[in-house]
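So the structure is just underneath, and the comments pick up after that.
Rule-based calculations on the coordinates, nothing more; no lab input. Note that this is a predicted model, so its numbers are computed, not measured. FYI the Cβ positions are ideal-geometry reconstructions off the backbone, even for glycines, and counts take in every protein chain you see.
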Amino acid sequence: MFCNPHDLSRSHHPADRSLPKARGHHPDLTRLQGWQAMRGEAKLPNRRAEEERAWALRMGLTGADSIEDKSIPTFARGELPHYAGINTFLKAPYTEDVLEVGNYDATVLGIPFDGGTTYRAGTRFGPQGVRKISALYTPYNYELAVDLREQMTLCDAGDVFTIPANIEKSFDQISRAVSHVASSGSLPIMIGGDHSIGFPCLRGIAQCTSKKIGIIHFDRHADIQEKDLDERMHTTPWFHATNMPNVSAKNLVQIGIGGWQVPREAVQVARERETNIITMSDFERMGVDKTVEMALELAWDGVDMVYLSFDIDSIDCGFVPGTGWPEPGGFLPREALALVSKVAAAGICGMELVEVSPPYDTSDITALMGTRVIVDVLGSMVSAGTLGAHKRHMDKPVQIPHGEFSGKRWSNAS
Ligand SMILES: [Mn+2]
């Protein structure tokens, strides 16, 4: 087609076009997070990264002569390359000896259990799925100007030995493991697993303290009925958790609840026990800041610490296909991350990430979202200076006996 000759001629006369006003504002760049974060990075130490490079050369041998970067070892050790290595969460040290977890500010433990699932299973692979994709991340976050490796210590204690066909025995194992980590003073970060683990995880922490604990729970589902299919399934954790003497239902705040998967039994219990439910529509109306303000006020009322439970299905199922009970209408990822970061900034005594089901996942996207929730929580706590604040409340530490063995396993070394 030919151009309209009038338009063509007019386009040669800039004065005929409506132009934006002259740009003379001299915008204040220093108000941009981008500007501030760029300068914030310069203030971050680099010592741990350097230590890790030295450690890698000791553990993995020095690299080939042809390689110019002399920090590259022969065997991949530590963070790099992101596609290589044996994946712990964020390539953090594996505390094979769990007596060592107390040396770290936070401990990741996997809870591969999906025996509490009432629809599609697969969350027993959640811990490995999250660990695998967590290798994608560096410990540094630009906007927060936080470097977890430099500013906190983190380990991965591996998985709890769950019993696939027995919910109650698995619960006992889970509580025992979590109580061990909580007693050490390290912040327990549990990767599930289905949401039935919420009860034994919190029981593990609650038994290590004489203090009171509130709960902030992100989910599309209320998860507070007494039983489901005749057992304590993933629809029931808060019924049992709020039966514990130091965990009150009035300090349970449930955010994002709604849709067509909330059983009436659960609503009845929530009503009777006076829990606090902020639906997705409530959140939409109030926005992030107001929702967090209300949630913190309710959860922290009269308690000493707050436990964070994040069900990945609280995010819209379009973003998290790999989950057991997908429900449309959930949070956008940006909303969920903002909410959880602001909740974490006030400090938590432990957290769980549940319902990531890798067999239903696509491109590891659900596991990646789960990874992001955990690192954002850590980054936020480091940034706010609240990491470790719960320690002083762990005034009833438990001690779990260990077996006797000396030497090395699967080795000829004496
Ligand atoms: Mn759920």
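Take the alpha carbon gyration tensor of the chain, find the square roots of its eigenvalues, order them as a ≥ b ≥ c, and report rounded if a/c is under 1.5; if not, report prolate when a/b exceeds b/c, else oblate. Before the final figure, lay out the partial values.
On the way: a/c = 1.82, a/b = 1.21, b/c = 1.51.
Since a/c reaches 1.5 but b/c is at least a/b, the shape of the chain is classed as oblate.
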Starting from the Cα of Lys396, step 7 Å toward the Cβ, then list every residue of segment 233-256 with an amide N under 20 Å from that point. 238-252
Through the Karplus equation 6.51 cos²θ - 1.76 cosθ + 1.60, θ set to phi - 60°, convert the phi angles of segment 89-105 into ³J(HN,Hα) values in whole Hz; use x for Gly and Pro. 5, 6, 6, 5, x, 8, 8, 4, 8, 5, 5, 8, 4, x, 7, 10, 4
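Going by a ≥ b ≥ c, the root eigenvalues of the Cα gyration tensor, does segment 317-403 fall in the rounded group (a/c under 1.5), the prolate group (a/b larger than b/c) or the oblate group? Don't skip to the end; give the middle numbers.
Working: a/c = 2.83, a/b = 1.52, b/c = 1.86.
Judged from the Cα gyration tensor, segment 317-403 comes out oblate (a/c at least 1.5, b/c at or above a/b).
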What do you get for chymotrypsin sites (Phe, Trp or Tyr not before Pro) in segment 159-249 restricted to DSSP loop and a cutoff of at most 14 other Cβ within 10 Å of the site's Cβ? Phe161
List the residue ranges in the chain for DSSP H helices whose C-alpha atoms run 27 angstrom or more along the long axis and whose Kyte-Doolittle average is -0.5 or above. 365-384
Given Lys211/Lys250; Lys70/Lys91; Lys169/Lys408; Lys91/Lys408; Lys211/Lys290; Lys132/Lys169, which pairs have Cα atoms separated by over 25 Å? Lys169/Lys408; Lys211/Lys290; Lys132/Lys169
Would you please give the residues with an amide H less than 5 Å from that of Phe331, counting only those at least 5 places away or on a separate chain, with H modeled from the backbone geometry? Ile315, Asp316
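What percent do you get for the relative contact order of the chain when only Cα pairs under 8 Å and 6+ apart count? Could you put the intermediate results ahead of the total?
Working: 846 pairs, mean separation 68.4, N = 414.
Relative contact order, the chain: 17 percent.
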Sort Trp35, Trp410 by Cβ crowding within 10 Å, fewest neighbours at the top. Trp410, Trp35
Which ³J(HN,Hα) values in Hz, rounded to whole numbers, follow from the phi angles of segment 314-326 under the Karplus curve 6.51 cos²θ - 1.76 cosθ + 1.60, where θ = phi - 60° and Gly and Pro get x? 6, 7, 3, 5, x, 9, 10, x, x, 8, x, 10, x
